[in-house]
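The values are calculated or read from the model by the stated rules, or taken from the named source; none is laboratory data. What you see is a predicted model; the values in this text were computed from it and never measured. With ideal geometry, Cβ positions are generated from the backbone for all residues, glycine too; neighbour counts draw on all protein chains shown. In case anyone asks, the SASA skips ligands and DNA or RNA and just uses the protein heavy atoms, side chains included. Shrake-Rupley method; radii C 1.70, N 1.55, O 1.52, S 1.80 Å.
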Amino acid sequence: MAKYKDNSFFKTFFKRIWYFIYKYWKKFQITKWIVVIVLFFSLIFTIYLTIIAKTSYVHNLQSNLSRSTLIYDKNGTKAGGLYSQKGTYVSSQKISPNIPNAILSTEDRNFYHEHGFSVKGYGRAILLAIGNKIMGRNQISGGGSTISQQLAKNTFLSQQQTLSRKFKELFISIEIENLYSKKQIITMYMNNAYFGNGVYGVQDASRKYFGMDAKNLPVQDAAVLAGMLQNPSNNPIDHPEAAKQRRNVVLELMAENGKISKSELKNYQKLPLGTKDTFKVKDGYKYPYYFDAVINEAISKYGLTEKQIMNDGYKIYTNLDQQQQSSFQKDFKNPELFPQNAADGTKVQAASVAVNPKNGGVQAVVGGRNKDIFRGFNRATDIKRQPGSTMKPLAVYTPALENGFNYDSKLVNKKLSYGKNNYTPNNYNNQYSGKVPMYEALAQSMNAPAVWTLNKIGVNKGYESVQKFGLPVTKKDDNLALALGGLSSGVSPQQMAGAYTAFANHGQVSKPFYITKIVDSTGKTVGKHESSPSQIMSDDTAKQMTSMMMGVFDYGTGATAKPSGYQIAGKTGSTEADNSKDADATRDKWLVGYTPDVVVATWEGFDNTNSSHHLENLSGTGVNTLYKQQMEQIIPYTKQTPFKTQDAATLVKEKDKQNKHSSSKDKNDLAGKVQDFSKNVEVGAKSVAHNLIDGARSLLGR
């Protein structure tokens, strides 16, 4: 009885709830609103997908696939190419009809009777997707991808298995069908498909696995290629048995589709695999570090994706100097130009970059001594290391000249302490002379005079100067340690090279860049460099700085790095390895030098500095051997424009000589004037005497 009452209660309760819902559902026409909302969101989703399809540049697809992305040097000469996911593109006339027959029999039999998608296939994909959602799997397990959809996925979308990607694929495939014929679509697909072992396209696959061109491929070999599309690892080189089994399945499908007869099927299935590899890998990636930097700039500055850059047939014009780049790469492969490896075999690393000071164009770059890895770590652009004394010209001596000092001004060279924390800079070997001219303090890289000078002009002026040079400093760096390159973060060789362009280019600083112009496969310019140098100091200051930094190579810390027969200016730098007991242990060594035609910055050190991984000798000469070689290989191929000044020591000598000459001349002039005065006095006295005698005679009547 109690059970019956409970059932009756629930029936009454649910009946009232249903009546309430039905009453208001009908009153507010909820069904119509649901239909409207569903239609509204369907419309929005359709518009969104249509926009994606229309903005995917499908009209460029054929030209993109048929061309490789090429990189050109500063003279407009082809320097190499980018071939990721790109094979040798051939026209339909150069592809055996056996290949599309095998592919369509396997992948899409209704290709010529559908408009880019299969209704049945999509229905199956949606049901599977719903099942996966219920099971908590965010993917699709299968789906009816047509040839057009596979082409859309391979060229415009990722391989991520999601329902949203499937709908994007649908709309793009419809757009492909609107713009291209079926023959064009299957040809593009065959040229873009992946066949394992890094091989794309039927032409390269035919060469890789059968040693012949695609136009000559027989039925049984065409079936092998078609069988690899779903699983490229089952290729006749790596897995011959699996490839043969899959081939025979494809041959059966071809027979079902009427492309071969039943008797031909049995004959083809009996044939062995005739594998032969005559494929030659295209090696257009001649300058790995430079090309990597070009790709990075195209992504960060011009908004392209790596996939677009590598596959869409762009022409990328750059500042590359092939002679300079080749010499850099050759030098970095020569172990005699570098210090010995650490005891455990770890290599001393290095990085170099060459920049055109007139516009900031990077002409060459090498970012390490390790094996090339596509878009790997580039020390020339990516490291953040303390610049040491290469900061002195930027943070100390340039603002000093701009604030009343001269290149031969006397600086205090004493061991002094500054501020509440008693910051006490030390010269190398603790040698102090009381006073020293600025040019000598810079050439010999003395620390005490540099810090004294920065303290004298005001730390903030040095900080602002470094900012003008384009280096990444923060308020934490606004202190006296800035004079010696003590930064909270650090800088890269490329940033230092960019800063030194101001000295080489009359006080105008340029930000380094690689790409001058990007043109797409249709000939349209899609990116162009437009920035220009900025004047950050006077031409006279730049000239005085150059005269002082010439001394670095003439008689200073960079003397052994001076290229034979050529005059350069610049600065050495080094930083201490704090975690080593060795007094001469060095973490970083720098050399930044320039002529009016080129700025070259080179860094040397270990990636991770510790007690067993550090450089020796704080004098800054360790990197000099490499630098001398680099400049001797580069300068002869430049315009060899001379500096419009002499080194500061020579200017001082000439100045002293002129002063002595002027002093001697002044003495001679004074003696002459005294002699003339004496003569004039003598003549005047004689005249007065004669006049007195004549007057006396007149009075006496004579």
* Asked: Does Ser445 count as among the hydroxyl-bearing types (Ser, Thr, Tyr) and either surrounded by fewer than 23 Cβ atoms within 10 Å (Cβ to Cβ) or at pLDDT below 95 (or both)?
  -> no
* Asked: Which of (1) acidic (Asp, Glu); (2) in contact with a Phe, Trp or Tyr (Cβ under 9 Å, 6 or more places away or on another chain); (3) open to solvent by 30 Å² or more (accessible area, probe 1.4 Å) does Asp238 not meet, given it meets every other one?
  -> (2)
* To do: Please tell me if Ala481 is among the aliphatic types (A, V, I, L, M), open to solvent by 20 Å² or more (accessible area, probe 1.4 Å) and not in a strand (DSSP E or B).
  => yes
* Residues satisfying the stated conditions in the stretch 500-541, i.e. basic (Lys, Arg) and assigned to a loop (DSSP other than H, G, I, E, B) -> Lys511, Lys524
* To do: Please work out if Gly498 is open to solvent by 10 Å² or more (accessible area, probe 1.4 Å), modelled with pLDDT of 95 or more and not polar (S, T, N, Q).
  => no
* **Residue pairs meeting the criteria (Cβ under 7 Å; at least 6 apart or on separate chains; first over 27 Å from Tyr566 (Cβ atoms), in the stretch 577-601; second modelled with pLDDT of 95 or more and of a type in the set (Asp, Glu))** => none
* To do: Confirm whether Gly284 is touching a helix residue (DSSP H, G or I) at 6+ places or on another chain (Cβ under 7 Å), at negative phi and surrounded by fewer than 20 Cβ atoms within 10 Å (Cβ to Cβ).
  => no
* Those residues of the stretch 272-291 which are among the hydrophobic types (A, V, I, L, M, F, W, C) and at pLDDT 95 or above, in sequence order -> Phe291
* List the pairs whose first member sits in the stretch 482-502 and is over 19 Å from Val459 (Cβ atoms), whose second member is open to solvent by 10 Å² or more (accessible area, probe 1.4 Å) and assigned to a helix (DSSP H, G or I), and whose Cβ atoms are under 6 Å apart, counting only residues at least 6 apart or on separate chains? -> Ser492/Thr381; Gln494/Thr381
* Asked: Within the stretch 634-660, can you find the residues that are part of a helix (DSSP H, G or I), open to solvent by 90 Å² or more (accessible area, probe 1.4 Å) and of a type in the set (D, E, K, R)?
  -> Lys653, Lys657, Lys660
* Asked: Across the stretch 43-63, what is the number of residues that are surrounded by fewer than 11 Cβ atoms within 10 Å (Cβ to Cβ) and modelled with pLDDT of 75 or more?
  -> 3
* Filter the stretch 451-481 down to residues that are touching a residue at least 60 places away in the same chain (Cβ under 8 Å), among the aliphatic types (A, V, I, L, M), in contact with a strand residue (DSSP E or B) (Cβ under 8 Å, 6 or more places away or on another chain) and closer than 20 Å to Gly404 by Cα, then give me how many there are. => 1
* Asked: Only one of these conditions is not met by Val219: (1) at pLDDT 95 or above; (2) touching a strand residue (DSSP E or B) at 6+ places or on another chain (Cβ under 7 Å). Which number is it?
  -> (2)
* Structure fact -> Taking the stretch 380-405 and the residues there that are part of a helix (DSSP H, G or I) and open to solvent by 10 Å² or more (accessible area, probe 1.4 Å), the one that is farthest from Lys589 (Cα to Cα) would be Glu402
* To do: Sort out which residues of the stretch 193-208 are part of a helix (DSSP H, G or I) and surrounded by fewer than 22 Cβ atoms within 10 Å (Cβ to Cβ), and write them in order of number.
  => Arg207
* Yes/no for Ser181 being buried (at least 24 other Cβ atoms within 10 Å of the Cβ), over 22 Å from Lys276 (Cβ atoms) and not basic (Lys, Arg) -> no
* Asked: Going by the conditions given, is Gly76 part of a loop (DSSP other than H, G, I, E, B) and under 27 Å from the mean Cα position of the chain (by Cα)?
  -> yes
* How about the stretch 80-114: which of its residues are open to solvent by 30 Å² or more (accessible area, probe 1.4 Å), part of a loop (DSSP other than H, G, I, E, B) and either touching a Gly at 6+ places or on another chain (Cβ under 8 Å) or more than 22 Å from Thr146 (Cβ to Cβ) (or both)? -> Tyr83, Ser84, Thr88, Tyr89, Ser91
* For the subset of the stretch 454-465 comprising residues that are out of contact with any Leu (no Cβ under 9 Å at 6 or more places or on another chain) and part of a helix (DSSP H, G or I), which member is least open to solvent (accessible area, probe 1.4 Å)? -> Ile457
* Quick check: is even one residue across the stretch 509-522 open to solvent by 10 Å² or more (accessible area, probe 1.4 Å) and without any contact (Cβ under 8 Å) to a residue 40 or more places away in the chain? -> no
* Subset tally (residues that are small (Gly, Ala, Ser) and either farther than 23 Å from Lys384 by Cβ or touching a Gly at 6+ places or on another chain (Cβ under 6 Å) (or both)) for the stretch 449-486 -> 3
* Within the stretch 35-92, can you find the residues that are over 15 Å from Thr187 (Cα atoms), small (Gly, Ala, Ser) and touching a strand residue (DSSP E or B) at 6+ places or on another chain (Cβ under 8 Å)? -> Ser68, Gly76, Ala79, Gly80, Gly81
* Structure fact -> Within the stretch 357-379, residues being assigned to a loop (DSSP other than H, G, I, E, B) and within 16 Å of the chain's Cα centre (by Cα) number 10
* Just one of Lys543, Lys476, Lys562, Lys468 is more than 22 Å from Ala298 (Cα to Cα), basic (Lys, Arg) and surrounded by 20 or more Cβ atoms within 10 Å (Cβ to Cβ); which is it? -> Lys562
* Test Asn617 against the stated conditions and say whether it is at pLDDT below 95 and not in a helix (DSSP H, G or I). => yes
* Asked: How many residues are loosely packed, with under 14 Cβ neighbours inside 10 Å and at positive phi if we restrict to the stretch 338-363?
  -> 1
* Asked: Can you name the residue in the stretch 209-235 that is part of a helix (DSSP H, G or I) and among the aliphatic types (A, V, I, L, M) and is also surrounded by the most Cβ atoms within 10 Å (Cβ to Cβ) among such residues?
  -> Ala223
